[in-house]
Every structure is written in C-alpha cells, then in structure tokens.
Amino acid sequence: MLQPIETKKRRKHAPEETRAQLMRASAKCFAAVGYGRTQVSDVTREAGVAVGTFYVHFTDKEEALLTVLKGHFEPVREGLQALKVRLKAERSRELASSLRSVVGFILQQSLQDRDGFLTWYRHGHDVSENADRLVMAYYSYLEQAIAEELATATGLDDQTRNSLAQGLVGLLLSLINRQLLTGEPNAEEATRVSLLMALGGVTAARGQPAARAIAA
C-alpha cells in the first residue's frame with residue numbers, strides 16, 4: 001500500500017517577525033536608494049512577502065520610514081540616558097574621559113545599525129514634516145548630550161558650549177557616514193579626531209594653549 005506523500009508546509013511568520021522583516025527591508029532599501037526612489041514592492045521583495053502584507057503592518061511608505069527612524073533613534077537615546085546617569089555618578093572623571101565615553105557610544109550604536117543610520121543621515125531630510133521633525137529632534141538630543149558634558153569645562157558660556165556641541169556632532173556624524181561607506185576611519189580614529197576637535201575648541205575658547213588632554 002502506497003504511503004501518502006508528505007508535503008512541506010509553508011512556514012508562517014508570526015506578525016511581530018513579519019513586521020521586523022519589513023522594517024529591516026525598508027531600512028535597507030531607504031539606505032541604498034533613498035525614500036523617494038523606494039517602492040513598496042521593493043520593500044516586500046526584499047522581505048520576501050506579498051505586497052498586501054506590507055499594508056497589514058503599515059498604512060503607507062511614510063509610516064515605514066518613521067518606524068525605521070524611531071527604531072534607530074530610540075536605542076541611542078535610551079543608551080545615552082543610562083550612560084549619562086553613570087557618568088554623573090562618576091563626575092570626578094576628567095572631561096576628556098567622559099566625552100570619549102559619550103562620543104564612543106554614539107559612534108558604536110550608529111555603526112551597529114548601518115541601514116538605520118544611512119536612512120536618516122543621507123536620505124531622511126525633506127521627506128515629510130513628520131520625518132523632518134524626528135530627525136531634527138534627534139540632532140538636538142545629540143547636541144544637548146554633548147553640551148551637558150562640556151558644562152563640566154569651566155570658563156565657557158552657554159553659547160560657546162552649544163556651538164562646540166553642534167560642531168562636534170556634525171563632525172562625528174560625518175565620520176560615521178564616511179566609515180560606513182568607505183571603511184575609514186576606524187572607530188578608534190573617529191573617536192580620537194572628534195576628541196581633538198572638542199577639546200581643542202574648549203582650550204581655544206578659554207584662550208589657553210592646547211592642553212595635553214587633547215592627545216590623550
């Protein structure tokens with residue numbers, strides 16, 4: 001007697017897993033060609049699901065973008081908050097050491113989420129009011145995080161600290177973008193260059209000669 005042939009059952013993904021797949025696929029497409037040039041069909045093809053499945057999880061492409069942005073920004077915010085609590089408890093640490101910790105954290109988190117970073121840094125501007133609002137709020141958060149560390153440096157007014165923080169964040173993000181696209185500079189060198197700028201700016205604003213801490 002012939003035995004019935006067993007057919008392979010198509011694996012069904014849990015809703016959370018499918019949504020995560022679509023988020024990763026969206027980030028990969030946005031990072032590669034930008035929001036405007038990405039079609040929903042590109043995302044679903046990358047995720048290996050039907051186009052209709054996309055609309056089960058997202059209202060439209062913009063919602064997918066906002067979800068990708070939040071997925072990149074929130075871990076950085078949460079991690080920085082925890083780091084800064086620890087640094088506050090160790091306030092005896094010198095400025096160079098605390099700045100290195102903050103800069104290093106931002107850098108490592110960004111490098112770990114390549115597609116998320118490139119989505120917002122290269123392609124996340126002038127997309128929509130909602131996306132612009134998220135991006136600008138993230139910029140401001142990073143600048144504030146750096147400015148708070150610079151507050152430990154005596155002899156600087158608020159405007160100078162904010163200007164230094166803006167410059168440092170701009171440089172750091174540029175270095176991260178370059179590293180992701182070209183492989184250079186490495187994380188250690190990017191951190192060192194960022195600290196050179198920050199501590200050099202502090203000593204210049206104080207009208208003092210460059211401190212040895214810059215090279216530390």
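When restricted to residues that are small (Gly, Ala, Ser), touching a Leu at 6+ places or on another chain (Cβ under 6 Å) and not in a helix (DSSP H, G or I), the range 128-158 contains 1. Of the listed requirements (1) at pLDDT below 90; (2) surrounded by 15 or more Cβ atoms within 10 Å (Cβ to Cβ), Leu196 misses just one: (2). Checking each residue of the range 162-181 against the condition of being more than 17 Å from Phe117 (Cα to Cα), surrounded by fewer than 14 Cβ atoms within 10 Å (Cβ to Cβ) and in contact with a helix residue (DSSP H, G or I) (Cβ under 9 Å, 6 or more places away or on another chain) gives no match. Note on the range 54-110: residues that are among the β-branched types (Val, Ile, Thr), over 22 Å from Leu196 (Cβ atoms) and surrounded by 19 or more Cβ atoms within 10 Å (Cβ to Cβ) total 2. Regarding Thr182, is this residue over 15 Å from Leu107 (Cβ atoms), over 24 Å from the mean Cα position of the chain (by Cα) and among the polar types (S, T, N, Q)? Considered against the rule, which asks whether it is over 15 Å from Leu107 (Cβ atoms), over 24 Å from the mean Cα position of the chain (by Cα) and among the polar types (S, T, N, Q), Thr182 comes out as no. The single residue among Gln159, Gln144 that is within 19 Å of Pro75 (Cβ to Cβ), more than 13 Å from the chain's Cα centre (by Cα), loosely packed, with under 15 Cβ neighbours inside 10 Å and not acidic (Asp, Glu) turns out to be Gln144.
Among the residues of the range 39-64, those identified as touching a helix residue (DSSP H, G or I) at 6+ places or on another chain (Cβ under 6 Å), touching a residue at least 12 places away in the same chain (Cβ under 8 Å) and of a type in the set (A, V, I, L, M) are Val40, Val43, Ala47, Ala64. In the range 149-167, the condition of being modelled with pLDDT of 90 or more, within 19 Å of Val102 (Cβ to Cβ) and among the aliphatic types (A, V, I, L, M) is met by at least one residue. Restricting the range 14-46 to residues that are outside any helix (DSSP H, G or I), open to solvent by 50 Å² or more (accessible area, probe 1.4 Å) and not small (Gly, Ala, Ser), which is nearest to Thr59 (Cα to Cα)? The extreme case among them is Gln39.
Checking the structure you have, find out if any residue of the range 183-192 is of a type in the set (A, V, I, L, M, F, W, C) and buried (at least 19 other Cβ atoms within 10 Å of the Cβ). Scanning the range 183-192 turns up at least one residue that is of a type in the set (A, V, I, L, M, F, W, C) and buried (at least 19 other Cβ atoms within 10 Å of the Cβ). Every listed requirement among (1) at pLDDT below 95; (2) open to solvent by 10 Å² or more (accessible area, probe 1.4 Å); (3) part of a helix (DSSP H, G or I) is met by His125 save one, (3).
The values are calculated or read from the model by the stated rules, or taken from the named source; none is laboratory data. The structure presented is a predicted model; accordingly, all values stated were derived computationally and were not measured. Virtual Cβ from ideal backbone geometry, glycine too; neighbours counted across all protein chains shown. Only protein heavy atoms, including side chains, enter the accessible area calculation; ligands, DNA and RNA are left aside. Shrake-Rupley method; radii C 1.70, N 1.55, O 1.52, S 1.80 Å.
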